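Here the structure comes first, spelled out in structure tokens, and everything after it is commentary.
The values are calculated or read from the model by the stated rules, or taken from the named source; none is laboratory data. A quick note: this is a predicted structure, and the numbers were derived from the prediction, not measured. Here the Cβ positions follow ideal geometry from the backbone for every residue, glycine too, while neighbour counts run over all protein chains shown.
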Amino acid sequence: MDPQHDPLLETPLDRLGSSRRRFLSLASLGTGAVALSACATGGGGGDEGSSDGGGGAVAEGGGEVSDDNPFGLEADSTVDVVIFNGGYGDQYAKDAGEEFQKLYPEATAKVSSTVNIQSDLQPRFIGGDPPDLFDNSGAQSMNASALISEGSLAELGALIDAPSLDGGTIGDSLLPGVLVPGTYSGKLYALNYMYTVFALWYSAKQFEEKGWKAPATWDDVMTIGEAAKKEDLALFAWGGQNAADYYHELALSMAIKEGGPEVAKALDTLDAGAYEQPTVVDAFAAIEEAVKAGYFLSGGAGIKHTEAQTEWVTGSAVLYPSGSWIENEQRSTTPEDYAMTGVATPMLSDAAAMGAGAIHGAAGEPFMVPSKAANGAGGLEFLRVMLSKAQCENFSKLTSSMTIVKDTIPEDGFGSTALSSVSSMIDTAGEDVFTFNFSDWYGMGETFKPLWAEFLNGDVTADEARERSQKAVDTIREDDSIEKFDVE
């Protein structure tokens with residue numbers, strides 16, 4: 001993977017070593033919205049800064065270690081934190097910084113933000129001056145597997161075992177399964193702070209006025225579509241490739257609910273028949289049924305996903321599939337009395353293996369501590385502050401989204417019907433939570449997004465969409481140069 005190297009043409013960057021050039025190449029690949037998941041093949045922990053995977057544990061700071069200062073943060077130290085300023089903004093991190101400084105009055109919390117994580121931080125990693133903590137999110141995020149394989153990230157296991165500001169350990173306070181996305185070969189390298197539930201979203205006010213019930217099955221969805229069409233309303237809104245891909249998520253989630261976790265496993269293992277599984281066939285056919293019935297808002301190919309979402313919340317369409325970030329993303333365009341509410345992915349039939357309450361839930365927004373951070377102890381301590389119930393509640397109030405910490409959302413969702421419905425869906429689902437990772441693992445979004453835009457526009461059939469999807473999966477599976485990830 002390294003470029004040809006001519007010593008006569010060596011630059012200062014070249015002299016950093018071939019492993020760093022490989023890091024630059026891999027980092028340019030970026031990563032998905034949800035961090036790469038558990039059991040990355042060849043991940044392994046190594047000595048700090050090694051190139052055989054893993055950067056080792058964060059070194060203790062120069063302060064005295066205690067229950068109140070578990071990482072030995074030096075009293076007058078500075079912690080350098082970089083936040084992705086995307087859909088969740090950066091105010092929650094600034095607020096955590098203020099709390100950090102209350103706990104450590106002599107310390108300084110330097111919180112900055114950017115939408116270009118990779119381009120801003122990559123030179124700092126190469127130069128040996130990374131931040132102490134960073135939020136590796138957004139379209140310009142850094143490639144997690146490259147960072148790990150180059151020994152550029154520290155392990156975060158000590159954080160999970162540390163005392164929580166609310167009593168007990170940090171691990172005790174977390175929702176089930178939320179550490180999985182940031183765990184590689186048994187070692188935690190990313191703490192995913194936010195918890196997303198993927199659902200169908202609607203206006204509770206509109207449904208009450210129309211006498212409609214939240215759909216539990218796809219037949220229910222189509223019944224609403226028929227009623228909506230009679231009133232010159234679209235069933236679904238979509239716009240551009242991002243929104244089109246949300247319907248790919250919907251199709252796969254319906255397929256997994258119908259067939260069970262083995263459907264997700266076949267996808268994540270890049271199975272030769274992943275898109276030929278019966279429930280995947282049925283789910284694609286269901287979406288095609290809605291396309292052919294004219295239930296999608298016209299003109300989607302020519303607008304952005306945020307424009308489609310605005311059409312939806314202003315009354316042109318009835319349903320929209322998305323993650324639970326949707327309320328915050330459309331806050332400025334949603335009518336005050338809209339009562340945005342989510343319902344779990346519909347079942348393809350009453351006989352769905354996972355039942356009506358099962359949800360696609362996943363932790364995202366990965367926070368990482370570089371192995372070469374000047375104040376790694378400060379990075380861990382900043383995360384410990386962020387994981388307090390007070391800061392998690394503050395995040396939810398600001399963003400109408402959940403964190404990975406349990407019992408932080410009141411019944412009224414801080415006045416948000418969307419957040420309240422997310423909390424309710426999580427309670428109803430219990431252990432019936434699933435996710436899938438292959439598209440993010442292997443950067444397949446650029447294949448699926450335009451394909452689904454064609455599909456929703458009626459330009460390709462369900463069978464053609466599945467065939468092209470399977471071909472893309474086969475290409476990844478058969479390419480030995482692409483590192484594959486184990487599935488438990």
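Below are the figures for this structure:
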item	result
Phe23, sole failed condition from (1) over 17 Å from Gly157 (Cα atoms); (2) modelled with pLDDT of 95 or more	(2)
Scan of region 436-468 for residues that are in a loop (DSSP other than H, G, I, E, B) and at pLDDT below 90, ordered by number	Asn437, Tyr442, Gly443
Checklist (1) crowded, with 24+ Cβ neighbours inside 10 Å; (2) not assigned by TED's automatic domain parsing to the domain that holds Leu252 applied to Ser388, failing item	(1)
Complete set of residues in region 76-94 that are buried (at least 22 other Cβ atoms within 10 Å of the Cβ), among the β-branched types (Val, Ile, Thr) and closer than 22 Å to Gly61 by Cα	Val79, Val81, Val82
Enumerated helices (runs of 4 or more DSSP H) restricted to region 169-280, each holding at least 2 residues that are charged (D, E, K, R) and within 16 Å of Val318 (Cα to Cα)	204-210, 218-230
Near pairs, Cβ below 9 angstrom, 6+ apart or cross-chain, from region 283-296 (more than 14 Å from Glu454 (Cα to Cα)) to any residue that is among the acidic types (Asp, Glu) and surrounded by 19 or more Cβ atoms within 10 Å (Cβ to Cβ)	Ala283/Glu258
Residue satisfying all of: in region 95-120; in a strand (DSSP E or B) and not hydroxyl-bearing (Ser, Thr, Tyr); surrounded by the fewest Cβ atoms within 10 Å (Cβ to Cβ) among these	Lys110
Residue count, region 122-139 (criterion: under 18 Å from Lys372 (Cα atoms), buried (at least 16 other Cβ atoms within 10 Å of the Cβ) and in contact with a helix residue (DSSP H, G or I) (Cβ under 9 Å, 6 or more places away or on another chain))	10
Of all residues making up region 157-195, the number that are of a type in the set (Val, Ile, Thr), surrounded by fewer than 20 Cβ atoms within 10 Å (Cβ to Cβ) and touching a Leu at 6+ places or on another chain (Cβ under 9 Å)	1
Test: residue in region 202-214 that is surrounded by fewer than 23 Cβ atoms within 10 Å (Cβ to Cβ) and at pLDDT below 95	no
Which listed residue, of Ala301, Ala308, Ala293, is crowded, with 23+ Cβ neighbours inside 10 Å and either within 21 Å of Ser421 (Cβ to Cβ) or among the small types (Gly, Ala, Ser) (or both)	Ala308
Contacts under 7 angstrom Cβ, first residue in region 446-464 being touching a residue at least 12 places away in the same chain (Cβ under 8 Å) and surrounded by 16 or more Cβ atoms within 10 Å (Cβ to Cβ), partner of a type in the set (Lys, Arg) and assigned to a helix (DSSP H, G or I), 6 or more apart	Leu451/Arg468
Scope region 399-417; condition under 15 Å from Gly342 (Cβ atoms), under 18 Å from the mean Cα position of the chain (by Cα) and among the aliphatic types (A, V, I, L, M); matching residues	Met402
Qualifying residue in region 337-346 (condition: farther than 30 Å from Asp219 by Cβ and either outside the structural domain of Ile126 (by TED's automatic domain parsing) or among the charged types (D, E, K, R) (or both))	no
